[in-house]
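The values are calculated or read from the model by the stated rules, or taken from the named source; none is laboratory data. This one's a predicted model, so the numbers in the text were calculated from it and none came from an experiment. Quick reminder, even Gly has a Cβ in these numbers, built from the backbone with ideal geometry, and neighbours come from all protein chains shown. Ligands, DNA and RNA are excluded from the accessible area calculation, which covers all protein heavy atoms including side chains. Shrake-Rupley method; radii C 1.70, N 1.55, O 1.52, S 1.80 Å.
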Amino acid sequence: MTKKLGDFTGLAENYSKFRPAYSPFILDALLGITNKPADQIDFVDVGAGTGIWTRMVAMRGLNSATAVEPNDDMRSFGIKDSQQTNIKWIEGNGETTNLPSNSADVLTMASSFHWVDFQKGIAEFSRVLRNQGIFCALWNPRLLEVNPLLTEIERTLYEMAPHIKRVSSGRATFTDNLLNNLNDCPQFSDVLYLEGRHVVQQTPEEYIGVWWSVNDIRVQAGEQCFSDFMKYVEDKVADLPFIETTYQTRAWAARVNK
């Protein structure tokens, strides 16, 4: 059970089992702007969680891949899920990665940059990245508007808990000015925004499991309200063969100048 925003202790199993992958086309574009062959890229994923994005990138045949994750529960599942890869897992966070300076060509934060102090994180990432290295923050929110069922479920959530403010969604307020905020950083140039959509057919178990892996809604709603909401969701989708969910991978990338 989570007790505060950003603490995923107790959520890692559902996160590991049910969170979907990101858009492969976004990954293609990100690797393309590095201007380096994949086997020459040293990659770091900070706030890696259980390694969903980390593994997607590492499987492209990179020179090295390192996952940095502060939460013991998330990191332990990430290590377990990554046993067949060469990913190195270490403890650290966005302000203190515990990585050497000038050691990475690509550094990402997937669904996690909103938990980091912006200025401290940028300073740390700039330190770790090599000159002309790429920083990328990305999220994988659902595009609710294309599925009336998902729109109805989301509307019911806010009727049951109208005080909720989304923190971790890639469509929350944190991302509204992210392009401008990155452009204003003297460490960066060539800031760009990328978006890719992909459709996932989820069983009711998978769809419900994603909801059970969230932190911000559960903490803000409180356990009783969230449990009531989850009972509503379970009843709503119980008889469906699958739920078609469109995910909207949104990515902000910038090049480091040293």
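One Cα centroid belongs to the range 158-198, the other to the range 52-80; the line between them spans 23 Å.
Over the chain, with every protein chain in place, what whole percent of the accessible area is carbon and sulfur at 1.4 Å, could you tell me? Walk me through the numbers on the way to the answer.
Details: 5750 of 11580 Å².
Answer for the chain is 50 percent, counting heavy atoms of protein chains only.
The value given for the range 7-109 is a Kirkwood hydrodynamic radius of 13.8 Å, derived from the mean inverse Cα-Cα separation. Take the Cα radius of gyration of the range 115-258 and divide it by 2.2 N^0.38 Å, N being the number of residues; the result is 1.25.
With contributions of -39500 (n - 2.57) from each DSSP H run of at least four residues, the per-residue ellipticity at 222 nm computed over the chain stands at -10500 deg cm²/dmol. Compared with the dominant Cα axis of the chain, that is its longest principal axis, helix 118-128 is turned about 40°.
Once the Cα atoms of helix 148-160 and of the chain are each reduced to a long axis, what angle between those two axes, in degrees from 0 to 90 to the nearest 10, is obtained? Here the helix axis deviates by roughly 80 degrees. Accessible surface for the chain, divided over its residues, is 45 Å² per residue with a 1.4 Å probe.
With the highest mean first, a sort of the peptides 126-136, 165-175, 225-235 on other beta-carbon atoms found within 10 angstrom per residue produces 126-136, 165-175, 225-235. For Cα Rg over 2.2 N^0.38 Å, the value computed from the atomic coordinates appears in the list (i) 1.17; (ii) 1.00; (iii) 1.05 under label (ii).
Among the listed pairs Lys4/Lys165; Lys120/Lys258; Lys165/Lys236, those with a Cα-Cα distance over 21 Å are Lys165/Lys236. Rounding to the nearest 10 and keeping the result within 0 to 90°, find how far the Cα-based axis of helix 223-237 lies from the longest principal axis of the chain. The answer is roughly 80 degrees.
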